[in-house]
Amino acid sequence: MSSKHGNEDAQTVNRQTVESLQRLSVALAELDDRSPNVTPSAATATASGSAAAEASGSTAAEGEDTGISEAGRHLSHWRLSAPTKPGGGNNNDNNGTSGTSGGNGIPREVADGYKMLTEGAEVVKATSTKYTLIGKIDMNDGIKLAEELRQGCELLATGALILHTPSAGMSRSSRHYIKRSARSVGATVINLISTFASHDALEEGNENLAAQKCGSVWSACDGVVRVPRGNRNGMRRDLLTWAGECNETFDEFDELVQLGVAADDGNDADGNDATDDTSAQDGDNNDDEWDEFGGGAGHQYSATELPVATACLALIKCSRGTINATLKACECAGDEVGKCSVGDIDGEDTNNDSSSDTTRRRRRAVLNWIGTLHDMARGVGEGVTDLGCLMYPPLAIGGSNSDEESNENKLMAQVKLQRDAILAVSEYILDAVPDAGVGAGGDGSADEQGAIIPMSEEVLELAGKLRAACQKRYGEVEAGIRAIR
């Protein structure tokens, strides 16, 4: 009887733990990982060709800088400071968290948040194994371990919450990966405990179920360790992901373009009228339907569509180059951030409040510039996917019905959006003047903005070529569609 009551107690604890973790999961889902790095209006102003900074967001109120504007957040750092203790580093670009306040201008919240995130994952990973093994022997002995799993998840969630606060100054990319990894751990722990709460793990034939759920927890915890540390690594991962998507989209449609012009639909491969072959028509009907559904044989561009598709493909290539230019430009600006670290400039008097304040404003201005550039590059990367969705043959352009005209407008509109996004990034890199007034406690004057951010000759040359190339490709798409009309 006591064993029965013990199992009931264990089930109660397991259910309560699951309910607690579900509430925690809801709280994690509500974390803001969508706010832009600075403000969307800054990118809009640049994309429209405006060099003014007044549209880039509201300035902070007098007094302490909150690190967040009405429409976005401000980055607190580019690279994390070097580790101060042996073994204090990580596998992300050799940038560790020193755990000290203000190191290289990095808020203490960043070091504390990553520490809690990592320690929470370690607790969950170690406890999940013991919970799985002991739970299959005696569920009553697993009560304490279920509570330890909950505490580990709470520690991890606390770290994620700290890193999402405006004062931590994390980029949108970093917040996205942090939130995703924390939610993954919580979801897998819920699944593990639920298998014991429902007795599914103890039923005959489910001997490996608990081990599989435990393996999922391990995988999620390992994902926390692989979360990119610092804004540089988080933003680079996004940029590299978009570059990979550009490559995949380019390769897919390059194959279609290389196939050349499609043959007339009325003739078979030997030039005979396909309708004469009545004996094979019924037998091949299902295959034809499958090919039509899956975009198989016969799905090529027509003679009038091919120039449009080729120009669109070249625009995707320009998009890939724009992502590459953004990567290189961010590195150049990141080097400038390192030079502007308070108390880390050769010959600077760190006791001079005016000098330190100027340095902080310059550093914040360059970080804002990086954040805005990354937000603008997001439009390029995501736009490639949208453009690719409209490039599958047959292109519905030049038709007489409303659906085809609508698709034509969609294709041309997306090409225009892609051109504008590429131009915005190119112009922003070529005119790399940061706005120190936005969120930096200044008035945004030219003196406060300081000198242009030094860019390498390679970056400037690449941005210039991309600016000219995307204009040319846009003209080719426009001419191709006009010819069809």
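Within the range 150-201, what whole-number % of the accessible surface is contributed by carbon and sulfur, with the 1.4 Å probe and all protein chains included in the calculation?
Carbon with sulfur: 54 percent of the solvent-accessible area.
Shape verdict for the range 117-260, please, from the Cα gyration tensor: rounded (a/c under 1.5), prolate (a/b greater than b/c) or oblate.
Here the range 117-260 falls in the oblate category.
Quick one: of Lys339/Lys472; Lys115/Lys328; Lys179/Lys410; Lys328/Lys416; Lys410/Lys472, which pairs are farther than 27 Å apart, Cα to Cα?
In this structure, Lys339/Lys472; Lys115/Lys328; Lys179/Lys410 exceed 27 Å between Cα atoms.
Suppose the chain between Glu461 and Leu240 were pulled fully straight at 0.36 nm per residue; how much longer would it get relative to their current alpha carbon spacing?
77.5 nm
Could you order the peptides 411-418, 22-29 from most to least packed, using the average number of other C-beta atoms within 10 Å per residue?
Highest mean packing first, the order is 411-418, 22-29.
How much net charge surrounds Gly215 when only other residues with a Cβ under 12 Å from its Cβ are counted (Lys, Arg +1; Asp, Glu -1)?
Charge balance near Gly215 sits at +1.
Tell me, what HN-Hα J-couplings in whole Hz come from the Karplus equation 6.51 cos²θ - 1.76 cosθ + 1.60 at θ = phi - 60° for each residue of the range 324-332, using x for Gly and Pro?
For the range 324-332, the Karplus-derived couplings read 5, 5, 5, 4, 5, 5, 5, 5, 5 Hz, x marking Gly and Pro.
Once Lys and Arg get +1 and Asp and Glu get -1 on their Cβ, which of Ile143, Leu117, Ile190 lies farthest toward the positive end of the dipole of the range 114-203?
Value: Leu117.
The values are calculated or read from the model by the stated rules, or taken from the named source; none is laboratory data. Nothing here was measured: the structure is a model prediction, and the numbers come from that model. Please note: Cβ atoms are built from the backbone with ideal geometry, for glycine as well, and neighbour counts cover all protein chains shown. For the accessible areas, the whole protein counts, side chains as well, though only heavy atoms, and no ligand, DNA or RNA atoms are used. Shrake-Rupley method; radii C 1.70, N 1.55, O 1.52, S 1.80 Å.
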